[in-house]
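The values are calculated or read from the model by the stated rules, or taken from the named source; none is laboratory data. It should be emphasised that the depicted structure is a prediction, and the values quoted were computed from it without experimental measurement. Positions of Cβ are generated from backbone atoms using ideal geometry, with glycine treated the same way; all protein chains shown enter the neighbour counts.
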Amino acid sequence: MSKIGVFDSGLGGLSVLKEMMKVLPNEDFLFYEDSLNNPYGVKDEDELLEITSKIVDYLLDNDCKIIVIACNTATTCCMKALREKYPNTIFVGTVPAIKVAYDNNYKNTIILSTPYTTKSKRVEELLNDYTREDQIITNISGENLANLIELDKHDEIMELLHRLLDDYKDKADSLVLGCTHYSLIKAEINEVLPNTVLLDGCLGVANEVKHQLEEHNLLENNSGSLEIVNSKSDDLIKRSYEILNN
Ligand code: DGL
């Protein structure tokens, strides 16, 4: 019997976990919330690889058969290196839903991600592959938004969202949530941009995990249990269960 290991720099991974638990109700999950090292989005590659390798070691030591990087920043920065370092481990990552905006023919799309993801080669490549000539793309850094979400600072979240997004009200028809933390504040983003469709990749990740388990003959019929560990404080785990049950 083994579990699906999931990690993020904190609460953001819950948005992916929620979808996975719906798509794979008979799997057991172990979610590692790395709140201690949040935010990832301002760290450099060496530091992030060291941090994420330790988490992968932990998840493998705790009987995980697949590892889901429920974080765009860690996926963008480290997935390739982690695959090389752990060649026998199956990794599934998270990628900003830029292709979804393209496929749905949106005309004016904002990509909102962490500072690292915003300027990453990965986003540049996705935009090269999936932008039409008649599509306006605005690539915006969410600055310290993920950290404010982690700390539950509602007023500061709203202040930052207004500063970053007010200019796009009634202009942007779509916004790609390029950080898993941002999926937890969809209501707040829609308060600032009421006529904008928000796109995330959470369901896509869940379907890909199912596909990988099928491919490798690793699907199980377990009780659907969930264990959450938090690298900063056990007190934060209670809030995670509240978010999941919401
Ligand atoms: N939730 C993460 C992401 O999807 C990272 C947030 C952060 O720690 O900066 O990028």
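Is it the case, given these coordinates, that Ala81 is assigned to a helix (DSSP H, G or I) and either within 16 Å of the ligand (Cβ to nearest atom) or within 29 Å of Ala172 (Cα to Cα) (or both)?
Considered against the rule, which asks whether it is assigned to a helix (DSSP H, G or I) and either within 16 Å of the ligand (Cβ to nearest atom) or within 29 Å of Ala172 (Cα to Cα) (or both), Ala81 comes out as no.
Restricting attention to segment 52-73, and to residues there that are surrounded by fewer than 20 Cβ atoms within 10 Å (Cβ to Cβ) and part of a helix (DSSP H, G or I), which single residue is farthest from the ligand (Cβ to nearest atom)?
Ranking the qualifying residues of segment 52-73, first place goes to Asp61.
Exactly one of these conditions fails for Pro87: (1) surrounded by fewer than 20 Cβ atoms within 10 Å (Cβ to Cβ); (2) within 16 Å of the ligand (Cβ to nearest atom); (3) not in a strand (DSSP E or B). Give me its number.
(2)
Within segment 1-23, how many residues are more than 8 Å from the ligand (Cβ to nearest atom), in a loop (DSSP other than H, G, I, E, B) and among the small types (Gly, Ala, Ser)?
Number of matching residues: 1.
Please go through segment 163-182 and give me each residue that is surrounded by fewer than 22 Cβ atoms within 10 Å (Cβ to Cβ) and within 16 Å of the ligand (Cβ to nearest atom), ordered by number.
Within segment 163-182, just Leu164 meets the criteria.
Quick test for you: out of Leu236, Leu244, pick the one residue that is in a helix (DSSP H, G or I), in contact with a Lys or Arg (Cβ under 7 Å, 6 or more places away or on another chain) and farther than 24 Å from Thr118 by Cβ.
Only one candidate qualifies: Leu244.
Being in contact with a strand residue (DSSP E or B) (Cβ under 7 Å, 6 or more places away or on another chain) and more than 20 Å from Asn72 (Cα to Cα): is that true of Leu175 here? Full working, then the answer.
Numbers: in contact with a strand residue (DSSP E or B) (Cβ under 7 Å, 6 or more places away or on another chain): yes; more than 20 Å from Asn72 (Cα to Cα): no.
No, not satisfied.
Output the residues belonging to segment 1-43 that are modelled with pLDDT under 95 and over 21 Å from Thr76 (Cβ atoms).
Passing the criteria: Met1, Ser2.
Can Ile149 be described as closer than 21 Å to Asn190 by Cβ and away from the ligand (no atom under 11 Å from the Cβ)?
Criteria not met by Ile149.
Output the number of the condition that Ser35 fails; it satisfies all remaining conditions of (1) surrounded by 17 or more Cβ atoms within 10 Å (Cβ to Cβ); (2) out of contact with any Lys or Arg (no Cβ under 6 Å at 6 or more places or on another chain).
(2) is the only condition that Ser35 fails.
If Ala206 satisfies every condition in (1) assigned to a helix (DSSP H, G or I); (2) under 17 Å from the mean Cα position of the chain (by Cα); (3) surrounded by 15 or more Cβ atoms within 10 Å (Cβ to Cβ); (4) free of Cβ contacts under 8 Å to residues at least 60 places away in the same chain but one, which is the exception?
(4)
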